Amino acid sequence: MCFGMNRIVYVLLLCVVIYTVMDRAGAPPRQEVRGQAHVHDGDTITVSGVKIRLFGVDAPEYDQTCKMPDGSDWACGIWSRDQLRRVLKGRELRCVKRTYDKYGRMVARCFLGDSDLAKMLVRDGIVFAYASFSRDYIADEKQAAVAGRGLWQAQVMPPEEFRRQKRQN
């Protein structure tokens with residue numbers, strides 16, 4: 001009798017597990033996430049467990065260096081990441097999904113209050129407008145370049161080109 005009860009309990013437990021997995025598998029993907037961000041690099045964050053690539057911008061890679069006017073090397077990839085950390089520190093972020101990239105990351109437009117995070121980052125020269133994917137921040141990038149803000153004070157290989165060269169080597 002005891003063996004029969006255990007068997008019933010196991011079967012019921014298995015049914016609950018299967019139902020839970022199936023229910024989540026059929027759930028629509030999240031359209032919006034909110035919370036504080038963990039910063040990976042200048043254009044990639046995690047919010048509420050969702051890895052997000054910021055829409056419309058491109059940051060120097062973490063291991064990328066740039067040349068300052070005096071010829072010295074500048075760890076601009078680390079700088080970009082650190083500036084994003086400074087901007088987001090302790091603040092609530094809202095990210096709205098646009099699509100998913102080939103790495104499975106949510107590509108999203110993120111906001112601090114009503115302010116477009118990517119627009120702020122481009123205007124401050126922390127990241128570049130990613131013209132291959134969006135023209136939304138081109139005017140903001142021109143303002144940053146003319147003012148020599150952030151990355152615009154140095155010679156920077158476009159991050160897309162840096163990644164391409166890295167793959168070839």
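The values are calculated or read from the model by the stated rules, or taken from the named source; none is laboratory data. Keep in mind it's a predicted model, so treat the numbers as computed, not measured. So basically every Cβ, Gly included, is an ideal-geometry build from the backbone, and we count neighbours across all protein chains shown.
The residues in the range 125-169 that are surrounded by fewer than 18 Cβ atoms within 10 Å (Cβ to Cβ), farther than 20 Å from Asp70 by Cβ and among the charged types (D, E, K, R) can be counted, and the count is 8.
Of the numbered conditions (1) in contact with a strand residue (DSSP E or B) (Cβ under 8 Å, 6 or more places away or on another chain); (2) without any contact (Cβ under 8 Å) to a residue 24 or more places away in the chain; (3) over 20 Å from Glu32 (Cβ atoms), Phe111 fails exactly one; give the number of that condition. Every listed condition holds for Phe111 apart from (3). Taking the listed residues Lys97, Lys67, the one that is farther than 20 Å from Arg123 by Cα, at pLDDT 95 or above and buried (at least 16 other Cβ atoms within 10 Å of the Cβ) is Lys97, with no other qualifying.
Restricting the first member to the range 140-169 and to residues that are closer than 18 Å to Val57 by Cβ and of a type in the set (S, T, N, Q), and the second to residues that are at pLDDT 95 or above and surrounded by 14 or more Cβ atoms within 10 Å (Cβ to Cβ), the beta-carbon pairs closer than 7 Å and six or more apart or on different chains are Gln143/Arg123. Listed by position, the helices (runs of 4 or more DSSP H) contained in the range 54-169 that have at least 1 residues being at positive phi and aromatic (Phe, Trp, Tyr) form an empty set. Quick one: what pairs do we get from the range 78-96, first residue free of Cβ contacts under 8 Å to residues at least 60 places away in the same chain and closer than 13 Å to His38 by Cβ, second outside any helix (DSSP H, G or I) and among the basic types (Lys, Arg), C-beta under 9 Å, 6+ apart or different chains? Between residues of the range 78-96 that are free of Cβ contacts under 8 Å to residues at least 60 places away in the same chain and closer than 13 Å to His38 by Cβ and residues that are outside any helix (DSSP H, G or I) and among the basic types (Lys, Arg), the close pairs are Leu93/Arg34.
Within the set Ile8, Ile18, the sole residue that is at pLDDT below 50 and more than 30 Å from Gly77 (Cα to Cα) turns out to be Ile18. Being modelled with pLDDT of 80 or more, over 24 Å from the mean Cα position of the chain (by Cα) and of a type in the set (Lys, Arg) is the requirement here; does Lys51 meet it? No: the conditions fail for Lys51. Given the criteria out of contact with any Lys or Arg (no Cβ under 9 Å at 6 or more places or on another chain) and of a type in the set (A, V, I, L, M, F, W, C), does Val156 qualify? In short, no. Would you point out which residue out of Arg109, Arg85, Arg81 is of a type in the set (Lys, Arg), crowded, with 18+ Cβ neighbours inside 10 Å and within 14 Å of Ala59 (Cβ to Cβ)? Unique residue meeting the criteria: Arg81. Output yes when any residue across the range 43-50 is without any contact (Cβ under 8 Å) to a residue 60 or more places away in the chain, out of contact with any strand residue (DSSP E or B) (no Cβ under 9 Å at 6 or more places or on another chain), surrounded by fewer than 20 Cβ atoms within 10 Å (Cβ to Cβ) and not β-branched (Val, Ile, Thr), and no when none is. The answer is no; no qualifying residue exists.
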